[in-house]
Amino acid sequence: MADDRLYEVLGLRRDATDADIKRNYRKLAKEFHPDKNPESGDKFKEITYAYEILSDPEKREFYNMHGVKGMQEGGYDENFMSGNLFSHIFGGGSIFGMGGMRGPGMRQRQRGEDTIHPLQVSLEDMYNGKTSKLELSKNVICKTCKGIGGKAKAIVVCKDCKGHGIRITYKMLGPGMTQQIQSRCSECHGQGSTFNEKDRCWTCKGKKVINETKIIEVHIDKGMKDSHKYCFAGEGDQQPDMQPGDVIIVLQQKSHSQFRRRGDDLFMVHTVGLTEALCGFSYIMKHLDGRDLLIKNEPGNVIKPGDIKGIKGEGMPHFKNPFEKGNLYIEFAITFPDNNFQSEETLQCLEKLFPPRPPFVMPIGDNVEEVDLSEYSDDRREEAYNNYDDELHGHGGPGLQCNQQ
């Protein structure tokens, strides 16, 4: 005879829909909740237990076939109850008059791990804002078998782990000392149940989940910074009887060929010639939003190598307040002319234009020696540095010899 007691607890018929189960459970849970009716604790436990079984497709199908007693004898009562939404522990009395059918300690559903995806973003996008579409690949519950892995009537409780999904072995460490080792059951791969090959779900091949691709939109607001995180709650990998984790998108700012960013300020280097540094200049700078900025330095304002000038309000927009911006700072490098422009006449003109040289007095004596300056190439600079490093650390070099044995 069919066991309909769980349906009767919720006031339902066996052909009730998922919506019917949820609706009646909510109604009864409000009516018999211990906070409202302290004397209805046992009734509330029965309602909770019935909903836990009937709201899950796998548990409901197994219950329809074997009843509550069959679930207990097959070792399924504890395995199923482990995913209950309530963390209280059932009392020691039997439920529904079933002798020995005690509710095990129940805990909240386990939560899956979060999935972290980096998203590289250009400085232009952080300046102007953008909506990016990200393609994610994740596991979802198989719709064909509803996360069972095969035909419900063909479920076989794993004999090795007795439906728990884990095995416990003991290792002798010494006289009177043993170590308990817990590991995933290799026979059922931690599922607690198995299927014959012919009864496996043809869609997921018994894995209970399938892989699917989902497109999510990431809205990059103006002024966002590197390492900014977006959290898409519950969009992580799905597993039966587990709450999916979150998908976390982490922005990674790409390096830029012209600008460096420090907070809401922008920094750049601009090179000018010697004439521009001394006599003033004008040039056009292309900004991150496509605007052309006219940068001018009036004649008489001499630019020295390494000078930094600032332009207020031309930095990055402030996050959540994009009408306010940081500053733009320009460091100037100066290109000096090569030796080809020199002539006696030119040098004389420069002497007249520039401040006079500091006075020089030639010392007298035998210890005065004149030396020549020569070009110092990069190769010679590296060679000299290496020789200096070897001498400093005692790695050989001029003047160092090994003692012969």
- Query: What are the principal axis extents of the Cα atoms in the range 260-340, in Å, biggest first?
  - Reply: 54, 21, 20
- Quickly rank 321-329, 360-368 as a protection proxy: mean count of other C-beta atoms within 10 Å, highest first. 321-329, 360-368
- Task: Mind jotting down the distance between the C-alpha centroids of the range 113-149 and the range 253-324, whole Å?
- Result: 37 Å
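Using the per-residue mean of other Cβ atoms lying within 10 Å as a proxy for protection, in what order, highest first, do the peptides 161-169, 296-304 fall? Show your work: numbers first, answer last.
Working: 161-169: 16.1, 296-304: 12.0.
In descending order of packing, they fall as 161-169, 296-304.
Any read-out appearing in this document is the output of simple, stated calculations on the displayed coordinates, not a laboratory observation. Computed from a prediction, not measured in an experiment: that's the story for all the values here. Every residue, glycine among them, receives a Cβ derived from its backbone with ideal geometry; neighbour counts consider all protein chains shown.
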